[in-house]
Amino acid sequence: MMEDFNSETDSDYTSYWRDWFISSRGNEYFCEIDEEYLTDRFNLTGLNTEVPYYQYALDLVTDVFDLDADDELREQIEKAARHLYGLVHARYIVTTRGLAKMLDKYKKCDFGKCPRVICEGHPLLPMGQHDIPNTSTVRLYCAKCEDIYNPKSSRHGSIDGAYFGSSFHSMMFQVYPALLPEKSIRRYEPRIFGFRVHAPAALARWQDQYREETRARLRDAGMETRFAEDSEGEEDEEDEEEIQTSSARKEKVAGDAASGRMDLGN
Ligand SMILES: [Zn+2]
């Protein structure tokens, strides 16, 4: 099958199409889809109606393209091949193999780092807000602040979000839960000449108190929640903990919310 490509005129162009695609500028978010995955028809179900010149596009992606086409047609087939690759990519990256490949890229920070200062350069994951093509462009998800961002570069900013899909990033953390960062209670505090600005400070106090109340409720329900900040001074709190009665806990939650002291309860 591999020998079928037109080796006289465009061998560099038609062979190793995926290598070329992956290494092209702007395509850094994509991983290479395995040959076996691409040649299993089951994995491509339904895509023949989604992609124009489907068979030619597939031939191009799998390096068996052999057609004497003029430049214009070639251009259209090339475009179709990129679209096909993207749509298969969305399916591939939620498979075990695909997740592992994307994990490698994630560890190398291939998708960039979170622009939020308090996230301290946490690596991002590409994702789509929609699974239907041409609906929205690719976004980047930060697991630390649990928010999504637009890519910095316009090359990345024009990639279809459906080439990554709306489930991939969540799937990644299901399969590799160790990747999930610890929750943090740190946040930015606006100040004027060193004094906390009143409205955000009032909101922050309310949030602190609400967080404590929620944690107390979760604890009563037998669920533990942890924040990255909990480990600070953990040792000291443990002894104190044992003598605390449940009524004392309630009091502490109501009265000591803003100080950031946490009852670890384990
Ligand atoms: Zn972030």
Of the residues that sit in region 147-161 and are free of Cβ contacts under 8 Å to residues at least 60 places away in the same chain and among the charged types (D, E, K, R), which one is farthest from the ligand (Cβ to nearest atom)? K152
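The rows are residues; the columns are (1) within 16 Å of the ligand (Cβ to nearest atom); (2) buried (at least 18 other Cβ atoms within 10 Å of the Cβ).
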{"position": "T135", "(1), (2)": "no, no"}
{"position": "V138", "(1), (2)": "no, yes"}
{"position": "C145", "(1), (2)": "yes, no"}
{"position": "Y163", "(1), (2)": "no, yes"}
{"position": "M171", "(1), (2)": "no, no"}
{"position": "K183", "(1), (2)": "yes, no"}
{"position": "R191", "(1), (2)": "no, no"}
{"position": "V197", "(1), (2)": "no, no"}
{"position": "L203", "(1), (2)": "no, no"}
Considering only helices (runs of 4 or more DSSP H) wholly within region 81-180, the ones with at least 1 residues that are in contact with a Gly (Cβ under 7 Å, 6 or more places away or on another chain) are 154-157
So F164 fits all but one of (1) more than 16 Å from G112 (Cα to Cα); (2) touching a helix residue (DSSP H, G or I) at 6+ places or on another chain (Cβ under 8 Å); (3) in contact (Cβ under 8 Å) with a residue 60 or more places away in the chain; what number is the exception? (1)
Is it true that S167 is loosely packed, with under 15 Cβ neighbours inside 10 Å, more than 16 Å from the ligand (Cβ to nearest atom) and polar (S, T, N, Q)? no
Return the residues of region 167-211 that are touching a residue at least 40 places away in the same chain (Cβ under 8 Å) and in contact with a Pro (Cβ under 7 Å, 6 or more places away or on another chain); say none if nothing qualifies. none
Within region 103-123, does at least one residue satisfy the condition of being basic (K, R), in contact with a Lys or Arg (Cβ under 9 Å, 6 or more places away or on another chain) and within 16 Å of the ligand (Cβ to nearest atom)? yes
Output the number of the condition that R97 fails; it satisfies all remaining conditions of (1) at pLDDT 95 or above; (2) buried (at least 19 other Cβ atoms within 10 Å of the Cβ). (2)
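The values are calculated or read from the model by the stated rules, or taken from the named source; none is laboratory data. Here the structure is a predicted model, which means the values were calculated and not measured. Using ideal geometry, Cβ is built from the backbone for each residue, glycine included, and neighbour counts are taken over all protein chains shown.
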